[in-house]
Structure formats: structure tokens, C-alpha cells
Amino acid sequence: MLEIKNLSKRFGDQQVLDHINLKIEKGKVFVIIGPSGTGKSTLLRCINALERPEKGTIQLENQIFDYENLSKSDIQALRTNTSMVFQNSNLYRNKTAFGNVTTPLILVKKLQKSEAEKVGLEYLEKVGMLEKKDAYPETLSGGEKQRVGIARALAVNPDIILFDEPTSALDPELVSEVLDVIKELARQHTTMLIVTHEMKFARNVADEVIFMEGGHIVEQAPPEELFGNPKEERTRQFLNRNRE
Ligand SMILES: Nc1ncnc2c1ncn2[C@@H]1O[C@H](COP(=O)(O)OP(=O)(O)OP(=O)(O)O)[C@@H](O)[C@H]1O
Ligand SMILES: [Mg+2]
């Protein structure tokens, strides 16, 4: 469970996020859509304290953090309990697919090597990358790298996984292999918050869709409702511009 209350973030004079409130129950998939420059990535980055909001609180399961007074251990707790998957998987280049998944388990989760290896294999299998476990990132396709990144994010057993446009850097023919993995995770009720421009995917995978614009949540609803019968004019305009 993740709950954000009154989160606000500025960059200089620009109010990038303005009193964001959001609650994601365990096992739910939330998808954020919205125009470029609206604060979607910034919101994800605030959740794990890569950016520091001026105001707001965040609750992860039963721990509450106040962004105005984050201690070092709070930041560490936010980062260990949330996993982020970026556009580019950011894999360690000098480690194999297997090494990429096991390293955080050993360094962050403090698992014994043998236990980390067992968990690592399980998650590589989950994303269909077991056969390529000994491959280095430079020999993997973009889609394969993203799948290893997803395995790495899942393996640490976070409260929530944050995806920032996980397919936007991929060649079109590689998009579906990554979306299929995420769809399968959704089917298994993995708690996820996903920023995407893939409207069909959003409709397909989300329990709730959030339309953001100008640092605000303009509208939030289940996908049939938000795509089928948006209440706000701005949502309607955005969807008309982004018909697939
Ligand atoms: N480190 C930064 N310093 C100053 N301004 C920033 C910084 N990061 C983001 N911004 C600004 O904050 C606003 C929101 O950016 P953000 O990256 O969150 O948008 P986004 O909704 O993710 O857009 P996109 O769909 O293009 O990825 C933009 O106007 C951006 O220029
Ligand atoms: Mg972004």
C-alpha cells in the first residue's frame, strides 16, 4: 500500500507538482498518462526520494514519512521498499543478467549468496530470461535488458514497483515482449505505478488510470470510465490527441 498526501514540488519558480493525493492499495495497478512536462517522472522520483518535495507525506504499508523531515534512514527505507524501472534499464554493464539481479539481493537485502542465487533464478525465469542468465547487457536486446531490469526490481520484493515509460526507448517490435511481462505481473496482483504513453496497454492493464496535467491530477477513474467516458474536458482533449 502506498498513500501520498499533499505532495508539492517546485523547480525554481515552477510548481511541478501541486498538492498531489494518491492512494494505491496493495495488489493494484495504477497507470499515469498525460502530456510531456506534466510532472509524471518527477512524481515517481519523489516517491523514492530521488527528488525532494517541499511538502507532503508518503505512507508505505504502515510506515509514514514526512518529506519535510526525511532522515537518512527514511530515504534508505523509501528506496529499499520501492523499486524503479526506467526507460533504459540502467543495468550494471560489468555484470551478467544473473549478476544484475543477485547483486542488490546481496548488497541491499543482505541475503546469503546461495539464497540470492535461488531468488535470482526464480525472477529471471519469471521474465523469460533464464536462458540468457550469463549474458552481459551489451549482448542483450533493448527488450531483454528491460526484462532483466524488471526481474531485478521484482526480486527485492518491494511494496511497489514504479515504471517510468518502460518501453519508450525500445524499437516497436520489442515493445510487446516487455508489456507482456508487465501484464503478467498485473495478473498476479503486483502493486505497480506505471507512467506510459501506450494508451491501449494502459486500458488493458490498469485498475485505475490517472490523467495528470500541469502538476495536478485532473482525473482518476477505472480505465473503462476514463477512456470511455472522461468527465473532464482536458482529459477528453488529451485522449483525442492520442488516439491509437
Ligand atoms: N532537475 C530539474 N530541474 C529543473 N526542472 C526540472 C527538473 N526535472 C524536471 N524539471 C521540469 O519539471 C517539469 C516536469 O518534468 P517531468 O520530467 O516530471 O515531466 P513528465 O511528465 O515526466 O514529461 P515526459 O512525458 O516528457 O517524460 C518539466 O517542466 C521539466 O522541465
Ligand atoms: Mg517523464
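Nothing in this text is a laboratory measurement; each read-out follows from the coordinates by a stated rule. Predicted, not measured: the structure shown is a model, and the values here were computed from it. Every residue, glycine as well, gets a Cβ built from its backbone with ideal geometry; the counts of neighbours run over all protein chains shown.
Looking at Leu91, Leu60, Leu43, Leu50, just one residue is buried (at least 17 other Cβ atoms within 10 Å of the Cβ) and within 16 Å of ligand 1 (Cβ to nearest atom), and that residue is Leu43. Among the candidates Asn90, Asn69, Asn62, Asn100, the residue that is in contact (Cβ under 8 Å) with a residue 24 or more places away in the chain and more than 16 Å from ligand 2 (Cβ to nearest atom) is uniquely Asn100. Restricting the stretch 165-175 to residues that are surrounded by 14 or more Cβ atoms within 10 Å (Cβ to Cβ) and without any contact (Cβ under 8 Å) to a residue 40 or more places away in the chain, the residue that is farthest from Ser41 (Cα to Cα) is Leu174. If you check Val178 against the conditions, is it surrounded by 22 or more Cβ atoms within 10 Å (Cβ to Cβ), more than 16 Å from ligand 2 (Cβ to nearest atom), among the hydrophobic types (A, V, I, L, M, F, W, C) and not in a helix (DSSP H, G or I)? The answer is no for Val178. For the stretch 100-118, filtering for residues that are buried (at least 19 other Cβ atoms within 10 Å of the Cβ) and not hydrophobic (A, V, I, L, M, F, W, C) leaves 3.
Only one of the numbered conditions (1) of a type in the set (Phe, Trp, Tyr); (2) within 19 Å of the chain's Cα centre (by Cα); (3) surrounded by 21 or more Cβ atoms within 10 Å (Cβ to Cβ) is not met by Phe86, and that is (3). Condition check: on the phi > 0 side of the Ramachandran plot and surrounded by 14 or more Cβ atoms within 10 Å (Cβ to Cβ). Does Ala97 satisfy that? Against the criterion (on the phi > 0 side of the Ramachandran plot and surrounded by 14 or more Cβ atoms within 10 Å (Cβ to Cβ)), Ala97 does not qualify. Step by step: first the residues of the stretch 159-173, then only those that are within 17 Å of Leu50 (Cβ to Cβ) and more than 16 Å from ligand 1 (Cβ to nearest atom), then the one that is nearest to the chain's Cα centre (by Cα). Which residue is that? The residue in question is Ile161. With the structure loaded, tell me whether Ile150 is in a strand (DSSP E or B), away from ligand 2 (no atom under 16 Å from the Cβ) and either surrounded by 19 or more Cβ atoms within 10 Å (Cβ to Cβ) or without any contact (Cβ under 8 Å) to a residue 24 or more places away in the chain (or both) or whether it fails that test. No, not satisfied. For His189, the criteria (1) in a loop (DSSP other than H, G, I, E, B); (2) within 16 Å of ligand 2 (Cβ to nearest atom) hold in every case but one, which is (2).
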